[in-house]
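Report on the structure given below.
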Amino acid sequence: MSNLTAIICLTIAVLFGSVGVSFALPECPSGQNQYYDNCFGTYTSANGSKYVGEFRNGKRNGQGTYTRAYGDKYVGEWKDGKPNGQATRTYADGRIKEGVWKNDVFQYAQKVTPPVIAEENHLHLPEGIQTRTRLSE
């Protein structure tokens, strides 16, 4: 009975272990000037910006992280070389924007941090009246 239990456990372990491997993309070619297709790799541009992620038909496609040389970072989905889908963009100044992009155009936010609230109003209002205005990007 213990042999049967060991065989069943081993079979389950092999099945679960092979699930992640069967869907993994192969590594992209090591040369920066080679064509990247249906692979996972790293591309660093001449200005120092770097993309690490999936490629298809020579373009960023699937999941990936693009870090600009000056510090902005986009982590999320790509389609045909453009930000497309769920992602998080972190700006060099520390702001973080989470939401959905379509063809490199931000569609809507799911979370933007930190929120910016105007606490003071520089207009001359009657005493005791204050305004609180949310500023959007």
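Where a number appears in this text, it was derived from the coordinates with a stated rule and is not lab data. The structure displayed is predicted, hence computed values, not measured ones. Neighbour counts run over all protein chains shown; Cβ positions are idealised from the backbone, glycine included.
Taking Val100, is it in contact with a strand residue (DSSP E or B) (Cβ under 8 Å, 6 or more places away or on another chain), among the aliphatic types (A, V, I, L, M) and under 22 Å from Ala24 (Cβ atoms)? No, not satisfied.
When residues in region 80-94 are screened for being of a type in the set (A, V, I, L, M) and either in a strand (DSSP E or B) or buried (at least 17 other Cβ atoms within 10 Å of the Cβ) (or both), 1 of them pass.
Can you pull out the residues in region 49-79 that are part of a loop (DSSP other than H, G, I, E, B) and out of contact with any Ser or Thr (no Cβ under 9 Å at 6 or more places or on another chain)? Talk me through it step by step, then tell me what you get.
The first filter runs over region 49-79 and keeps only residues part of a loop (DSSP other than H, G, I, E, B), leaving 49, 57-58, 68-72.
Scanning region 49-79 gives Asn57, Gly58.
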